[in-house]
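Asks: The structure follows.
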Amino acid sequence: MAQECDIIVVGAGLVGLSAAIAFKQQGKSVVLVDANKSEPKTPKSWDARIYALTPATEIWLRALGVWQYVDVARINDIHAMQLWNDGSESPLILADSDANLTKLGVIAENNNLMHALQANIHADFGLVVKQVSCKHIENTDQHIHLTLDDETQFSAKLLVAADGAHSFVRQQLNIATKVKPFNQTAIVANFLAEKNHGDIARQWFAPHETLALLPLPAQHVSMVWSVSTEQATQLLTLPREHLAERVQVASNQALGTLKLDGEVLSFPLNQVTATQLIAERVALVGDAAHQVHPMAGQGVNLGFRDVIALQEQITKAHALQDIGEITFLRQYERSRKADILSMNGLTSGLDVLFSSESVTLKKLSAWGLRELNGQAMIKKILIKQAVA
């Protein structure tokens, strides 16, 4: 006999956990399912997986009651961004003061956010959590049924798939994806910097290569270096001291001597977009719906905005509304398409612009960065879009 609920959330990453909390706070009965039984570990140093959260995301997490569990001593505000392109003598500088903001965002570790979300989950005894793999999904006229590997069954009006890039739910429903390979690998690591980072997020663009150094507390920075897969293979075989030296050179010694602190991770980069965000009684969110290049720093914010849009859609629903009905879910899909297309276009466009071998385009991009520094209104618009 299936246990009934309003919403099943599959996937307990950042987006799935936040979705479960948001829907529960709307008065819905929620079941959260994830095969992963491990708790996030508190790292000895800084977590190599970090996120740049926009002010809008922070405000939303505060409204959910999650931020009270965040270790703020491990959070670093961003007060400015500096962007260089290949060969530019000076960067484009975007500061919070350019848009009358108190900050442009914050840098937070994955484990810190996971601990906070799970603490919120554990504080809510009305939320059912199952740490078991999914086995089968079946739709009927009024409900969607999920069977787990231990043969437990749940029945709900709506299933929200937040189960990542290799989504079981998406595959079960035969929802196709459009894949754009960047033929790149992202290398991530943390460094102790000789010079103070000044709460500035720095980014260097070169042909098919992007290096970001993002501010962490205690004069540390988090590196995300997107390079060709061939170059990544070479970099990952270097001794730690030599890798740090390569980063120093690529960043024009902006922060002086860098000392590697903690593990070095890597992952392949692809732009993956589901051809549809919904099916009968199913909505895709987060990486199950889309993956974008990290150069925009918006991946997790995009996933949180999926949840916010679905949350708002459910809030508007009348008491008798079937929240899993396809015409209702189409409103969610329509509300998200522009944001996702815009982010895909931004990352692809930046890659084309800064990766061009054309001397004219290189000079144009360098001139553009230089000229933008004197365009207060355009800079304000750029900042507002980046922190939305």
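The values are calculated or read from the model by the stated rules, or taken from the named source; none is laboratory data. From a predicted model like this one, the values you see are computed outputs, not experimental measurements. Cβ coordinates were reconstructed from backbone atoms using ideal geometry, including for glycine residues, and neighbour counts include every protein chain displayed. Quick note on the areas: whole protein, heavy atoms, side chains included, nothing else; ligands and nucleic acids left out. Shrake-Rupley method; radii C 1.70, N 1.55, O 1.52, S 1.80 Å.
Asks: Which one is nearest to residue 215 (Cα to Cα) among residues in region 98-136 that are touching a residue at least 60 places away in the same chain (Cβ under 8 Å) and part of a strand (DSSP E or B)?
Replies: 107
Asks: Then there's this: State the number of residues belonging to region 306-326 that are closer than 14 Å to residue 282 by Cα and either assigned to a loop (DSSP other than H, G, I, E, B) or in contact with a Gly (Cβ under 7 Å, 6 or more places away or on another chain) (or both).
Replies: Selection size over region 306-326: 5.
Asks: If you go through region 105-120, how many residues are in contact with a helix residue (DSSP H, G or I) (Cβ under 8 Å, 6 or more places away or on another chain) and open to solvent by 10 Å² or more (accessible area, probe 1.4 Å)?
Replies: Of the residues in that region, 7 qualify.
Asks: Among the listed residues 206, 212, identify the single one that is out of contact with any strand residue (DSSP E or B) (no Cβ under 7 Å at 6 or more places or on another chain) and among the aliphatic types (A, V, I, L, M). Explain how you work it out, then say what you get.
Replies: Details: 212 fails: out of contact with any strand residue (DSSP E or B) (no Cβ under 7 Å at 6 or more places or on another chain).
Of the residues listed, the single one that is out of contact with any strand residue (DSSP E or B) (no Cβ under 7 Å at 6 or more places or on another chain) and among the aliphatic types (A, V, I, L, M) is 206.
Asks: For region 234-257, give me each residue that is open to solvent by 40 Å² or more (accessible area, probe 1.4 Å) and touching a residue at least 40 places away in the same chain (Cβ under 8 Å).
Replies: Matches in region 234-257: 236, 252, 257.
Asks: Still on this structure, please answer the following. Filter region 146-192 down to the residues that are within 20 Å of the chain's Cα centre (by Cα) and aromatic (Phe, Trp, Tyr), then identify the one that is most open to solvent (accessible area, probe 1.4 Å).
Replies: 168
Asks: Tell me, please, whether a residue that is open to solvent by less than 50 Å² (accessible area, probe 1.4 Å) and either among the β-branched types (Val, Ile, Thr) or touching a Gly at 6+ places or on another chain (Cβ under 8 Å) (or both) can be found in region 121-129.
Replies: Yes: one or more hits.
Asks: Go through region 218-233 and give me each residue that's at negative phi and either out of contact with any helix residue (DSSP H, G or I) (no Cβ under 9 Å at 6 or more places or on another chain) or open to solvent by 20 Å² or more (accessible area, probe 1.4 Å) (or both).
Replies: First, the residues of region 218-233 that are at negative phi: 220-233.
Result: 220, 221, 222, 224, 228, 229, 230, 231, 232, 233.
Asks: From (1) in a strand (DSSP E or B); (2) at pLDDT 95 or above; (3) within 30 Å of residue 52 (Cα to Cα), pick out the condition that doesn't hold for residue 145.
Replies: Every listed condition holds for residue 145 apart from (3).
Asks: To continue, here is another question. Among the candidates 88, 97, which residue alone is open to solvent by less than 50 Å² (accessible area, probe 1.4 Å) and out of contact with any strand residue (DSSP E or B) (no Cβ under 8 Å at 6 or more places or on another chain)?
Replies: 88
Asks: Take residue 206 and tell me if it is open to solvent by 10 Å² or more (accessible area, probe 1.4 Å) and small (Gly, Ala, Ser).
Replies: yes
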